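A short write-up of the structure that comes next.
The values are calculated or read from the model by the stated rules, or taken from the named source; none is laboratory data. Note that the structure is predicted; figures quoted are calculated from it, not measured. When we count neighbours, we look across all protein chains shown, and the Cβ atoms used for this are built from the backbone with ideal geometry, even at glycine.
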Amino acid sequence: MAQAVDVKGKLRVGPSPHIRTARTSSWVMSQVMIAMIPPTIAATYFFGWWVLVMVAIGIVTAVASEYIYQKLTYKPITIHDNTAAVTGMLIGLSLPVTAPIWMIMFGSIFAIIIVKQMGGGVGKNYFNPAVAGRVAIKAFFTPWLANWVLPGGFFGSGYRGVDAVSTATPLEYLGDGAQTVAAEVPGLWDLFMGFNLGGNVGETSKLAILIGMLYLIFRRIINPKIPILYILTTTVVMGLWANFNFDFMMAHALTGTLFFAATYMATDYSSGSLTPEGKTVFAIGAGLLTAFFRIAFNYPGGVGFAILIMNALAPSIDSKLMPRIYGHKKRPAVKFNRQSENN
């Protein structure tokens, strides 16, 4: 005769979803940091050992800012979740090797205190902290930010551009209504690999960023349609603008912060769209805005402003595209509130 099984204390009853693997915020952010190792290695190879110092300064400043702010405001300390470390790492990789130390620190402090903590803390900020910090630096300190240099190798331009060769970024020859690729723009292979390019250290090698993107997709950290649709939309619009000039399209796809931001910034959980259809609209909208900025203005990039605009629109997008409940003909008529959603 079979014995009755005493399930008391052995059977855990709870609401779905029943997740078998612990996917904590700390674990997810550690995966993002691992995915940023390839572009960090590439940046160090091209621009020198000072890149590692930039990344370290960004991380330490971001983590310290969060700790001090939370300590002074009597809030729970959350530096263990690695979100501040990711923001600091992004700031460090989002600047040229010539960026002074104080600029890296300013970007990290602005991102953590002004955008993240004053925005409600982890999971409640409407804007991506790293993107906002990068845009703030560009808005206030462009003369110091635009001092681009060519890669000089590990021992070459490693120390803040010493013995480095000044240059312009390829995007400076592709924006402001241009429809052809200027002779000053490197070839597509060089753009993809990162050879002889001036710009922000983390965005140099698209191959390295692609490796990081594939890692995040494989680990199911990011939804692949966000970076793919973002990059594809920007590329197609630039193609339409230039009568589908292939070299012009691909040059825009492989220059600037597009690949880097599409992989590590547009995929941010708290500042992006949360609904399945909303993610699609978010990615396409960011691509359209990026292409618009590149066409209409003498302003290299436009990625940061595009993402911030879509960050602001994300709650409205999600409120309109909430998934239809099974058995109902209409979507639920609710006003999406990010603050309550993340509580």
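A few comments on the model shown:
- Of all the listed residues (V51, V60, V55, V115), the sole one being in contact with a Pro (Cβ under 9 Å, 6 or more places away or on another chain) and either among the aliphatic types (A, V, I, L, M) or closer than 20 Å to T257 by Cβ (or both) is V115.
- Filtered by the rule that a residue be assigned to a loop (DSSP other than H, G, I, E, B) and of a type in the set (V, I, T), the range 107-133 gives a lone residue, V122.
- V63 falls short on exactly one of the conditions (1) modelled with pLDDT of 95 or more; (2) in contact with a Ser or Thr (Cβ under 6 Å, 6 or more places away or on another chain), and that condition is (2).
- Evaluation of I57 against (1) at pLDDT 95 or above; (2) over 20 Å from the mean Cα position of the chain (by Cα) (one fails), failing number: (2)
- Pair list, Cβ < 7 Å and 6+ apart or interchain, from the range 115-127 residues that are over 14 Å from T73 (Cα atoms) to residues that are of a type in the set (D, E): V122/D81
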